[in-house]
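Visitor: The structure that follows is given in the form of structure tokens.
The values are calculated or read from the model by the stated rules, or taken from the named source; none is laboratory data. Since this is a predicted model, take the numbers as computed values, not measurements. Counting neighbours? That spans all protein chains shown, and the Cβs are built from the backbone with ideal geometry, glycine included. Protein only, heavy atoms only, side chains kept; ligands, DNA and RNA dropped before computing areas. Shrake-Rupley method; radii C 1.70, N 1.55, O 1.52, S 1.80 Å.
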Amino acid sequence: MKLPISWLKDFIDLNGLSIEDIARKLTLAGLEVDEILYAGLPMPTYGTGEKHEFKTNGIAWDREKIVVAEIREVKAHPNADKLTLLNLFDGQQEQVVLTGAPNIFHLKGAGKLEKPIKVAYAKEGSTLYDGHADGQVLITLKRAKIRGVDSYSMVCSEKELGITDESDGIIILDDDAPVGMPLADYIGDAVLDISILPNMARNANVIGIARELAALTGRELKQPNLEIKTSGDSVENSVTIEITNSELNPRFVAGLIRNVEIKPSPYQIQRRLKLAGVRAINNIVDATNYAMIELGEPLHAFDYDILKERAGEKKIKIITRAASEGEELVTLDGTKRKLTAINVLVCDEKGSLSLAGVMGGSESEVYDASKEVLDAIGVETKPGEMPQGKITSRGKSTVNVLLEGAAWNFINIRRTAKQHNLPSEASFRFSRGVHPALAETGVKRGLQYMAAWANGQIAPGLVDTYPLKPKDSVVDVTSQDVKRLLGIDLSLEEISALLTRLEFKCEITDNKLQVTAPNHRMDIDEGVVGLADVLEEVARSYGFDKIPTTTMADALPPQVGNPVHEWEEHLRDLLVAIGLQEVVTYRMTSPERESRVVTHAEYVRIANPIAPERSVLRQSLLASVLEVVEKNAKAESVAMFEVGSIFEPVKNDLPNEPRRLAIVMTGARIASAWDVKDSPKFDFYDMKGRIELLLAGLRFTDIVYAEAASTYTLHPGKSAEIKVNGQVVGVFGELHPLAKEKYAFGDAPVIVAEFDLEKLRGLNPSYGIKPVSEFPPMYEDIAIILDESVAASAVEALIRQTGGKTVTDVRLFDVYRDEKIGAGKKSLAYSLTYQAEKTLTDADAAAIRNKIVKRLENTVGAKLRS
Amino acid sequence: MLDKLNEIEKAALESLASINDQSALDAWRVANVGRSSPLMQVFAGFGKLSKEERPVVGAAANRVKVALESALEERAQAVKNAALAKSLEEEKLDVTLPGREVKIGRLHPSTQQLRRVLAILAEMGFQVYTSREVETDDINFQMLNFPPDHPARDMQDTFFIEAGDRGDNPILMRTHTSPGQIRAMREAVATNPNDPPPIRIALPGMCFRYEQITARSEIQFNQVEGLAVGKGITFADLKGTLTDFVRRMFGQDARVRFRASYFPFTEPSAEMDVECFVCGGKGCQVCKNSGWLEILGCGMVHPNVLQNGGYDPKIYSGFAWGMGPERQLMLRNKITDIRYFWGNDVRFLEQF
């Protein structure tokens, strides 16, 4: 919400408080000031080392150089058709000023004016915004000759003074503006841009902020005077109201004002509205907006004569009801809207009039026949054409106005505004809850302003139907409650004082405080929730900064840890230790994206995806990591992993979220350097080596690698499944050439692995370590020739089994094939380590070796290579 | 004979003086103190000498032998020193050539930051609690005091999951880690329904919001929440605990402030700001000239939330707070584009 300081001053004395003081107090109390925009008032200056507190913007108006002046004479420029020459008086002397302003152009050559026009005048040397530049560009006025006429000063537009972003003419001040007065003293202002949190909607108005500030500073809130002078016949004689569903419409208030003269509002009013971010339209519409910004009750003005015409001979009868499915209404923006049963309508006996709480209908809206007004409400028209969506028969401006102030169910307003994409100042407030009590004060305020700005006469009385009065919330508070939840010691009197400032009614009875919520608040509940609601107000009013800092005295909870999390963190450490970079990818992908390596029939689908390529939740972690590696494929080598969930659909229920580990490696095995060229590329065995380290790090020893088909598109000859403790826990291998083609990878093979962490985590690691012997080990190499079909893992297993405890390590150091060995044969060379709890002799070693060789000969037909 | 010995000595020492390498030294040794050297010949010819000559010549020959051997040793040392000096001179490297790159693994920056946060919280007694990423509306919103159509839902634009018509309880991507509060409380209550144990947990995890992906907004981000529930936990405890935590995170001198705020699941709610560590509070681009950085949101657990978790709000109270590890990293490292995190470009990842 944008709040002009000048408006705030109508309700609270701000003497002795700087703008920054005000902003700080509000910010700490939950009304965060995002920015301070200066429109005339002096800006704070900071010395070196001084702290800023708020984002600030805007300009200060020099009191000497920018003043109120009056145009006394309008002449034509001798050499320029589009410029006029003004004779004006700045309070000290006459000045000649050039302007091209369109809103003064019609007076060109009029000569001496009967009634001078009051304007904002900037003298030579003034700093203001360039009115012709895009955005806000500061300029300083310098003397120049424009088409032969001296120009050294100017009459200013709102854009030039930083009041609005755009403007199409000079400011024309109210007639009573004091000539010669520094403009900053007359209309200088600053605007606080305040974030309104959902529970602070009651403060989305000037008096709400003033009330908070009064509570925070201990100052008095100046309540608005709502007295009304009336004349003529009572509104009750011509209008009745029927509410068909009080849940939807707890209250409806209507007032009548006659004989209004539609014209622009006083400039001071327009300026405040514009600073508050609301467009100035005409005095009637402005009065509804002004009263809303001021008090928080959105109002709607109907053209009374249109309603009367529709009613014919009968009394006007306002009916509120839910719309029927498919019903239509043309709203005042000219759009025909199809309605649903969520929408609430204000109708008469002939049909619908407006979309309650959101937007008025076109037919009954307040009408101003002048062109300027049509432009101002944003209807595009071509010369000579009537604006679209307008009732073309209405040539006459509105004379009598029926003013509506009502309370609506916030859920309906919220849904309606969303459904029709109609965010507005009114729907913002109604969709967060406006207390029905405000309907009456809002209508009275609106009528007052209409009478003041449009010379109307207010009809006596209000038509007020109030079928659903909200219950006043009453909460009991004790000093113990405050101590237990806030940690501060306050007497009932102190609590009462803090709450009374916020207009709570407080009564002390036997050791407790009975607190009644004020009638502008919808956010205070009863019971244990009401207590929390009230204690929040106590804490805010007391000041969060004054509450002490303590440490918890309560007992510590049982220590259970999080074994799954801890195991995964250990896993991550191991993965990093084997040289892999962790990545974190998006959960949302598409079946097409995953189908490059794997296909799934069913997915967990997003009902409202931001894009087709993020329409489902991933079902393959590997597919996600492959995409990241593809993006990084230009790097010399990439070796990445991710640990995370995939999402398996369960019909109409929460999906399963099993954990997976995916690894992808591609590129150079060793980093290139000025003396290292042509590094070999990562292959199957680089991945396998890492997997071996990883499983060893997890203390698994029963590991078997076997060829197997995978759901992934892997190279059939260069892939394997991984069995730990007899269970398949993962798969790895080289990406199938056909799958690889679908990615923008380089020439190097792409090696992938995926583990099912749910399975892996559930397996028992081995217990204990191998002792480290004091005796010297013996090393021996043996090479054997055997059939190609015998797996190396089987040979190693046989060696270990035969050698028993004494063979502590078996390393394959060579695999060799050639013609001499023979087709279909291979040579495997192993380096064996013998170790025993004694010093082994050559004879001991020979005995073991012979046993092993014999076993290999008998079991797999191996021959010792000589 | 004595003259001959002197000549042998003189000739040998002369030839030794010009030797500069090991092989010449070896040759010299053979020629001058070897078995067939002239000196050794003198020893070999002892038998032919008279009884009187023997001790004289013997003593002289021994003296020469010792002299030659020590000269050899001295020369050998000199040769070795010269060779070392030469090789040290020759082996000079170009120290400006780049070092060899070592391919190492790293954790993703978000994991690194999560670990920093969780490590501090662990020391403060908050144990890690993790829960699912896809949730139901009731646990993600309703139990946390966001009824359907509540204005606060505007604060958390949501991704929904296709799951048939489930009425007011659709399935969705969790918008915050707070549903874990409900799950953790219920689990704790199940362990002892009559006297539920106190809770101090940290809830890390990925959260999702319906946003366009831009430099400033992402569809997923990590959150870490803290939750303490027990008897007699106060707003003053919240202030004390969080001030301690923030000082561990940002330094013992960090100035902090608490601003009133709003979250449906806490009341009173607050935003905690820390004095901008980039400019020291003087105002800069990072803190948008305010001197303060919004670092976490917090508040006393709302009575409805306690109730929904199974804790009687008349007896128990607690506080919760939430923060974003990615936001902390962005502030700390001058990262201006949030898309870097899930973009996973190695050129970004390698900097952490």
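Visitor: Using a 1.4 angstrom probe on the protein heavy atoms only, could you order A:Lys471, A:Lys805 from most to least accessible area?
Guide: Listed by decreasing accessible area, they come as A:Lys805, A:Lys471.
Visitor: Can you tell me the orientation of helix A:527-542 relative to chain A, as the angle in degrees between its alpha-carbon axis and the longest Cα principal axis, to the nearest 10?
Guide: 70 degrees
Visitor: Scan chain A and report its longest stretch carrying no chymotrypsin sites (Phe, Trp or Tyr not before Pro) that are both in a DSSP loop and have at most 14 other Cβ atoms within 10 Å.
Guide: Longest gap between qualifying sites, sites excluded: A:47-673.
Visitor: Shifting gears a bit: Would you please name the trypsin sites (Lys or Arg not before Pro) within region B:271-338 that are DSSP coil residues with at most 12 other C-beta atoms within 10 Å of their C-beta?
Guide: Values: sites: B:Lys282, B:Lys288, B:Lys314, B:Arg327, B:Arg332, B:Lys334; in loops: B:Lys282, B:Lys288, B:Lys314, B:Lys334.
Answer by residue number: B:Lys334.
Visitor: Then there's this: Can you pull the percent of region A:168-314's accessible area that's carbon plus sulfur, 1.4 Å probe, other chains left in place?
Guide: Ligands and nucleic acids excluded, carbon and sulfur give 44 percent.
Visitor: Only loop residues by DSSP count here, and only those with at most 10 other Cβ atoms within 10 Å; note down the GluC sites (Glu not before Pro) in region A:82-182 that meet that.
Guide: Within region A:82-182, the qualifying GluC sites (Glu not before Pro) (loop, at most 10 other Cβ atoms within 10 Å) are A:Glu166.
Visitor: Here's another thing I want to ask about it. Counting only GluC sites (Glu not before Pro) that are in a DSSP loop and have at most 10 other C-beta atoms within 10 Å, tell me the longest site-free stretch of chain B.
Guide: The reported range is B:92-352.
Visitor: Turning to a different aspect of this structure: Grab the DSSP H runs of the protein assembly as shown that are 4 residues or longer, score each as -39,500 (n - 2.57), total them, divide by all residues and round the 222 nm result to the nearest 500 deg cm²/dmol. Could the numbers behind the result be given before it?
Guide: Numbers: 35 runs with 368 residues, N = 1218.
Value at 222 nm, helices only: -9000 deg cm²/dmol.
Visitor: Could you give the C-alpha radius of gyration of chain A expressed as a fraction of 2.2 N^0.38 Å, taking N as the number of residues it contains?
Guide: 1.44
Visitor: Further question: What is the distance in Å between the Cα centroid of region A:273-326 and that of region B:202-244?
Guide: Between the Cα centres of region A:273-326 and region B:202-244 lies a distance of 44 Å.
Visitor: Next question, about the same structure. Taking only C-alpha pairs under 8 Å that are 6+ residues apart, what is the relative contact order of chain A in percent?
Guide: Details: 1716 pairs, mean separation 70.4, N = 866.
Reported relative contact order: 8 percent.
Visitor: Let me ask something additional. How charged is the neighbourhood of A:Lys115? Take every other residue with its Cβ under 13 Å from the Cβ of A:Lys115, and add Lys/Arg as +1 and Asp/Glu as -1.
Guide: Spelling it out: positives minus negatives among the neighbours equals -3.
Visitor: What total accessible area, in Å², is buried where chains B and A meet, using a 1.4 Å probe and rounding to the nearest 100?
Guide: The buried area between B and A, both sides summed, comes to about 8500 Å².
Visitor: Where does the charge balance sit around A:Asp472 when Lys and Arg score +1, Asp and Glu -1, over other residues with C-beta under 11 Å from its C-beta?
Guide: +3
Visitor: How high is the FRET efficiency between A:Leu226 and A:Ser679 when r is their beta carbon distance and R₀ equals 60 Å, given to the nearest 0.05?
Guide: The formula returns an efficiency of 0.10 here.
Visitor: Decide, for region B:109-349, between rounded, prolate and oblate: order the square roots of the alpha carbon gyration tensor eigenvalues as a ≥ b ≥ c, take rounded if a/c falls under 1.5, and otherwise choose prolate if a/b is larger than b/c, else oblate.
Guide: oblate
Visitor: Apply the Karplus curve 6.51 cos²θ - 1.76 cosθ + 1.60, θ = phi - 60°, to the phi angles in region A:85-98 and return the couplings in whole Hz, x for Gly and Pro.
Guide: 10, 10, 9, 10, 10, 9, x, 10, 8, 7, 10, 10, 10, 9
Visitor: Taking only Cα atoms, what is the 0 to 90° angle, nearest 10, from helix A:19-28's long axis to the longest principal axis of chain A?
Guide: It works out to around 50 degrees.
Visitor: Per residue, how much accessible area does the protein assembly as shown show when a 1.4 Å probe rolls over the protein heavy atoms, in square angstrom?
Guide: Spelled out: the 1.4 Å probe surface of the protein assembly as shown, per residue, equals 45 Å².
Visitor: I need the shape label for region A:178-241. Rule: rounded when a/c is under 1.5, else prolate if a/b > b/c, else oblate, with a, b, c from the alpha carbon gyration tensor. Write down the numbers at each step before the final one.
Guide: On the way: a/c = 2.33, a/b = 1.34, b/c = 1.75.
Oblate is the answer for region A:178-241, as a/c is 1.5 or above yet b/c matches or exceeds a/b.
Visitor: Ignoring ligands and nucleic acids, what accessible area does A:His52 show with a 1.4 Å probe (Å², nearest 10)?
Guide: 40 Å²
Visitor: So what J values fall out for region A:307-319 if you push phi through Karplus, 6.51 cos²θ - 1.76 cosθ + 1.60 with θ = phi - 60°, rounded to Hz, Gly and Pro as x?
Guide: 3J(HN,Hα) across region A:307-319, in whole Hz: 5, 5, 4, 5, 7, x, 6, 7, 5, 5, 10, 8, 10.
Visitor: So what does A:Arg501 come to for accessible area, using a 1.4 Å probe and Å² rounded to 10?
Guide: For A:Arg501, the solvent-accessible surface is approximately 90 Å².
Visitor: Right, another one. Which order do B:Met155, A:Met552, A:Met522, B:Met300 take by accessible area at a 1.4 Å probe, largest first?
Guide: Reading off the accessible areas and sorting them downward yields A:Met522, B:Met155, A:Met552, B:Met300.
Visitor: Separate question: I need to check one value: relative contact order of region A:474-540, counting alpha carbon pairs closer than 8 Å and at least 6 residues apart, in percent.
Guide: Working: 82 pairs, mean separation 25.1, N = 67.
About 37 percent, as a whole number.
Visitor: Taking the Cα centre of the protein assembly as shown as the origin, how large is its charge dipole in debye, to the nearest 20, when only Lys and Arg (+1) and Asp and Glu (-1) carry charge on their Cβ atoms?
Guide: 2060 debye
Visitor: Take A:His132, A:His570 and sort them by solvent-accessible surface of the protein heavy atoms, 1.4 Å probe, largest at the top.
Guide: A:His132, A:His570
Visitor: Relative contact order (percent) for region B:109-349, with alpha-carbon contacts under 8 angstrom and 6 or more residues of separation?
Guide: 21 percent.
Visitor: Here is a follow-up. Below 12 angstrom from the Cβ of A:Ala753, what's the summed charge of the other residues (Lys, Arg +1; Asp, Glu -1)?
Guide: With Lys, Arg at +1 and Asp, Glu at -1, the neighbours total -4.
Visitor: Using the basic label-point model (7 angstrom from Cα toward the beta carbon), what is the B:Ala85 to A:Ile703 distance in nanometres?
Guide: 5.6 nm
Visitor: If you average the alpha carbon positions of region B:128-172 and of region A:1-66, how far apart do those two centres end up, in angstrom?
Guide: Here the answer is 40 Å between Cα centres.
Visitor: What are the extents of the Cα atoms of region A:474-540 along their three principal axes, in Å, largest first?
Guide: Result for region A:474-540: principal-axis Cα extents of 29, 20, 19 Å.
Visitor: For chain A, take the longest principal axis of its alpha carbons; what is the angle in degrees between that and the long axis of helix A:792-803, to the nearest 10 within 0 to 90?
Guide: Once rounded, the angle reads 60 degrees.
Visitor: Something else: For a quick check of your reading of the filter: which trypsin sites (Lys or Arg not before Pro) in region A:691-779 sit in a DSSP loop and have no more than 14 other Cβ atoms within 10 Å?
Guide: Listed in order of number, the matching sites are A:Arg699.
Visitor: Putting +1 on Lys and Arg Cβ atoms and -1 on Asp and Glu Cβ atoms, find which of B:Trp321, B:Trp28, B:Gln127 reaches farthest to the positive end of the dipole of chain B.
Guide: About the Cα centre, the residue reaching furthest to the positive side is B:Trp28.
Visitor: Counting only other chains, what is the mean number of Cβ atoms within 10 angstrom of the Cβ of each residue in peptide B:275-283?
Guide: 3
Visitor: Within region A:600-646, what whole-number % of the accessible surface is contributed by carbon and sulfur, with the 1.4 Å probe and all protein chains included in the calculation? Mind showing how you got there, number by number?
Guide: Working: 770 of 1560 Å².
In region A:600-646, the share of accessible area belonging to carbon and sulfur is 49 percent.
Visitor: Please list, ordered by chain and number, the residues whose modelled amide H lies under 5 Å from the amide H of A:Ile606; skip anything fewer than 5 residues away on the same chain.
Guide: For A:Ile606, the qualifying residues are A:Val616, A:Leu617, B:Glu162.
Visitor: Kirkwood Rh, Cα Rg: Rg to Rh for region B:2-90?
Guide: 1.11
Visitor: Quick check: at a probe of 1.4 Å, how many percent of the accessible area of region A:778-864 sits on carbon and sulfur atoms?
Guide: For region A:778-864, the apolar C and S fraction of the accessible surface comes to 51 percent.
Visitor: While we're on this one: Let me cross-check B:Ser36: its accessible surface, 1.4 Å probe, with only protein heavy atoms counted, in Å² to the nearest 10?
Guide: Surface accessible to solvent at B:Ser36 totals approximately 90 Å².
Visitor: Region A:612-638: which residues show an accessible-area loss of 10 Å² or more, assembly versus chain alone, 1.4 Å probe?
Guide: Residues of region A:612-638 that lose at least 10 Å² of accessible area once the other chains are added: A:Arg614, A:Leu617, A:Val628, A:Lys631, A:Asn632, A:Ala635, A:Glu636, A:Ser637.
Visitor: Let me ask something else. With a ≥ b ≥ c the root eigenvalues of the C-alpha gyration tensor of region A:564-762, is it rounded (a/c under 1.5), prolate (a/b larger than b/c) or oblate?
Guide: oblate
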